[in-house]
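The values are calculated or read from the model by the stated rules, or taken from the named source; none is laboratory data. Owing to the predicted nature of the structure, the values given are computational and were not obtained by experimental measurement. Reconstructed Cβ throughout: ideal geometry from the backbone, glycine too, with neighbour counts over all protein chains shown. Heads up: the accessible areas ignore ligands, DNA and RNA and are worked out on the full protein's heavy atoms, side chains in. Shrake-Rupley method; radii C 1.70, N 1.55, O 1.52, S 1.80 Å.
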Amino acid sequence: MNRTRQSTRLLVLRILLLTVGLIGVVGMSARVPEASGQGALDAIAENLIDIDYDFGRWPYPLFAEVTERLQELAALHPNIATLHSIGKTAAGRDMWLMEITNTETGPGDSKPGLWIDGNLHAHESNGRVRAMYFIERLLATYGSDDVITRLLDTRVFYIVPMFDADGGERSLTRHPAWPGHDPSQHLGQDLNGDGFITSMRVKDPDGMWYPSAKDDRLMLRLRARDEGRWNYVPTVYDETKFFRSSGQQVLGATKTGPEARWKPTGEGPPPIEYLAPPENRYSIYTEGSSPLHRRDDFNLTVDGFERNVGFDPPPSDFNRDWSAEWRPDEPGGGPFPFSLPETRAAAKFIAAHQNIFFQYNMHADQTARNYTARPGLHHPYDWMDPEDNEFYNRIGAVWSALGGGNIIENNYYSQEIAAGAYTDIQHGCEVDWAYIGRGIHALMPEGMAVGHDYDGDRYVTMLEILRWNDEEKDGQFWTPWEAHDDPTLGPVEIGGLRGMPPALDARMKTEADLHYRFLVFLADLSPMLSVADLQAEPVGDGEYRVVATLQNTGYLATYVTRKALEIRRDYPILAELQLDGAEVVGSRSLLNAGHILGRHSYIWRWGAGADESTKKVEWRIRRTGDGPIAITVAARAPQAGEDSRSMTVGARPDSDE
């Protein structure tokens, strides 16, 4: 990008951030830029310091190599990186978490924290790569990048690169041609001897797949209802009523199963227009698998990417196993919430670290344009308190500017997602648990990053991915459909995706840098507590009134969300008076100071010149001797950090000291 285009884009971003209230106005407060102002702008600037990172490697590093690198980084950066094992996976692997903060400015749990996890789903393995890139970049640029240095001095990042380490290992050893492949761990066989387990398609008048008219290599799922799930988008309003009815929200439902989901409101279902006649339909199976393993959209996304590939899948979907609005009829919900050791370990860590104000759950599924989901996933926006809802609107504007039009939404408003790519409703998801169960903000970004945007419309479709594979990758990630005789199914064709990565090369770097900028920006929005002033005035013989002015220089309020106030998961400010030479009179030395608003909470009044960022706390003290009095006020709030200020009151005037 030339200098003129770069300057223009930065100007647009600066105007946008001023519009949504995420940059401080010069002169408002000397401390505002430190908390959430200039840092937010710098974090999204185009002058990132380059670091050495291999975005062209595929398959990605396995568990042992990632573990070794994490241990190496912790050893290389002992003052800012600490590696923890927060639990064990089902197969006994360590669940690694890298804690990154400057420990010389205080322990991590004394600072606002941001949780980041990747590879929650086995097949979304590029989440581990983006998480590792974030770790590498933070550590490599501390001390040379002013924004990162400031953030690591005042915040803490908790990063779990391999959430489903077992599933990620299985996904990255899927094919016989890949290192570490164990046939006993995988569904299917390599029948044609090309080193990959691809797909078999079989002519079937009742099949749910048909070849794309634009490229017959690509198989598409029919738009049709089946067993309460559909890829059907209606064309008239009456049909919409049938699929989008009052049962969608299932609020207050007393039943489980289909009766609690979307229900017909008319006399019957509308006519369904199939896009393929019966003679052009197929069933699809994993290569070398039995007829019992026909693929459907539980383990195959709408564009054909494999998801669950093991013989023995986990009892629950890793993103349906959280307790928020969990339901036993949710596909993947498992036997009970937190039935997986990995989700239990993560929830236990997060609950024990009250300083975490944001969860960022990185996914990597396949969409033409990556989107980011917000809580609550299956609720209309007015279900959320206006203050919290507006927060997502404002950060969504920044995300859109950074990503060239990417959006933040929930699945309630994404019709195709609600109508087929996932279930009708979604319960037990991580981001909903963060918001509903913990009262903290959360996002769930998708991050597929292969192919090339040939037509420049900022969408990368499967047709463009096929073109990229043909023209730039010498066809290595797609096998043409070829006839084969299967001993069970008879005549079949073998072909399709051939070890396609979820992210690679330049597009992967672009995606990784996008999330890096956005995560740094989000970290800069935390509440930030300070003791702005401390005064002591005499009120009688040997007694003083001590007044401390507490200030929140951050963007968010110290309670973080209104939901936290509702569910009593807000953590108020505690102010403690520490004395030498005096005693507290009439109250305790430790006071509950409640909360202080952040700029976001009163954004319009703030823009008009109001300042509601401070709160005063006071004590009455009495001398216990004739000497000077040392006074310190220490204030802390888990999600806003801690600060202190000291002063000395001179000796009694008539004393000899």
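What the table shows:
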{"quantity": "Length gained when the stretch GLN578-LYS616 is fully extended (0.36 nm per residue, less Cα-Cα span)", "calculated": "12.0 nm"}
{"quantity": "FRET efficiency for ASP215 and SER400, using Cβ-Cβ distance with R0 set to 25 Å, rounded to 0.05", "calculated": "0.25"}
{"quantity": "Inter-label distance, nm, simple model (7 Å from Cα along the C-beta direction), ALA91/ASP485", "calculated": "3.7 nm"}
{"quantity": "The range 324-375 shape via C-alpha gyration tensor axes, a/c threshold 1.5", "calculated": "oblate"}
{"quantity": "Near-label residues of the range 488-511 by backbone N, under 16 Å of a point 7 Å along Cα→Cβ of SER290", "calculated": "488-490"}
{"quantity": "For the range 448-601: Kirkwood Rh in Å [reciprocal of mean 1/r, alpha carbons]", "calculated": "22.2 Å"}
{"quantity": "Rounded, prolate or oblate (a/c below 1.5 giving rounded, otherwise prolate when a/b exceeds b/c) for the range 504-555 by Cα gyration tensor", "calculated": "prolate"}
{"quantity": "Sulfur and carbon atoms: percent of accessible area, the range 49-131 [1.4 Å]", "calculated": "49 percent"}
{"quantity": "Residue-by-residue Karplus 3J(HN,Hα) for the range 160-167, coefficients 6.51, -1.76, 1.60, Hz, glycine and proline x", "calculated": "10, x, 10, 5, 9, 5, 5, x"}
{"quantity": "Segment ARG652-ASP206, length gained on full extension (0.36 nm per residue, minus Cα span)", "calculated": "151.0 nm"}
{"quantity": "Efficiency of FRET between GLU566 and THR103 - r from beta-carbon atoms, R0 30 angstrom, step 0.05", "calculated": "0.30"}
{"quantity": "Solvent-accessible ranking of HIS181, HIS452, HIS186, HIS123, largest area first, probe 1.4 Å", "calculated": "HIS452, HIS181, HIS123, HIS186"}
{"quantity": "Carbon/sulfur fraction of accessible area - the range 396-545, other protein chains in place, 1.4 Å, %", "calculated": "46 percent"}
{"quantity": "Length gained when the stretch ARG467-THR149 is fully extended (0.36 nm per residue, less Cα-Cα span)", "calculated": "110.3 nm"}
